[in-house]
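See structure below.
The values are calculated or read from the model by the stated rules, or taken from the named source; none is laboratory data. Worth saying up front: this structure is predicted, and the values here are computed from it rather than measured. Glycine also receives a Cβ, built like all others from the backbone with ideal geometry; neighbour counts cover every protein chain displayed. Accessible surface is based on the protein model in full, side chains and every heavy atom, while ligands, DNA and RNA are left aside. Shrake-Rupley method; radii C 1.70, N 1.55, O 1.52, S 1.80 Å.
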Amino acid sequence: AQSVAQPEDQVNVAEGNPLTVKCTYSVSGNPYLFWYVQYPNRGLQFLLKYITGDNLVKGSYGFEAEFNKSQTSFHLKKPSALVSDSALYFCAVRVLRPGGSYIPTFGRGTSLIVHP
Amino acid sequence: DTGVSQDPRHKITKRGQNVTFRCDPISEHNRLYWYRQTLGQGPEFLTYFQNEAQLEKSRLLSDRFSAERPKGSFSTLEIQRTEQGDSAMYLCASSLEGSSKEAFFGQGTRLTVV
């Protein structure tokens, strides 16, 4: 089945330390992968995407993500975490639906907590 | 503000009542999506429009749910005979055509059924 998984419900990191939020996927064909961030009582904000090309993708707010085809992963990273990065992070992959359309399908989300 | 807008932001209704939500997508986006999000979960796909055509419907979209996008502009999501299990955040998103295009989300409508 086509899906996306975020194996960690919560990630804790100290401010200034590097952070990683994990995502793995299962799709047929080439994956289109996305990361979004959600602050309390808000909609999702787009961070970055992988379509093709370089495996390291740079996005908003200093975030980047590494696409690894052999491990079917697309982990979100940041070299130095800020307290303001604390939020919910969602990985998404375009999935082929029964009607023939490609629809963004989201993981369960990972709560990132950055401690001062 | 040229982003996706949703109205209302919050809705409290009694069980059994009908509710309708509105979504105004980014003007040049011809694709529009509705998702539902409950606490601790990621957004779950409900339905998708390309212009005015409703091309995909999730099994989550029971007979009590209906969505429209007349003229391919704004969209409405109606829930009839609401149940407590319908309580959730309803998110609307829009995008340009193309599988590689990212979706832009509105701030959502939080529905509470009492």
Those residues that are open to solvent by 40 Å² or more (accessible area, probe 1.4 Å) and either in contact with a helix residue (DSSP H, G or I) (Cβ under 9 Å, 6 or more places away or on another chain) or farther than 17 Å from A:Val114 by Cβ (or both), I need them from the range A:16-48; list them, please. A:Thr24, A:Ser26, A:Ser28, A:Gly29, A:Asn30, A:Tyr32, A:Asn41, A:Arg42, A:Gln45, A:Phe46
Quick check on this structure: which one of A:Val37, A:Val21, A:Val93, A:Val114 is closer than 21 Å to A:Ala1 by Cβ and either at pLDDT 95 or above or in contact with a strand residue (DSSP E or B) (Cβ under 6 Å, 6 or more places away or on another chain) (or both)? A:Val93
For the range A:87-101, enumerate the residues that are buried (at least 19 other Cβ atoms within 10 Å of the Cβ) and either in contact with a Cys (Cβ under 8 Å, 6 or more places away or on another chain) or hydroxyl-bearing (Ser, Thr, Tyr) (or both). A:Tyr89, A:Cys91
Is it true that some residue in the range B:2-15 is more than 8 Å from every other protein chain (Cβ to nearest Cβ) and at pLDDT below 95? yes
Unmet requirement for A:Val13, which otherwise passes all of (1) in contact with a Ser or Thr (Cβ under 8 Å, 6 or more places away or on another chain); (2) open to solvent by less than 20 Å² (accessible area, probe 1.4 Å): (1)
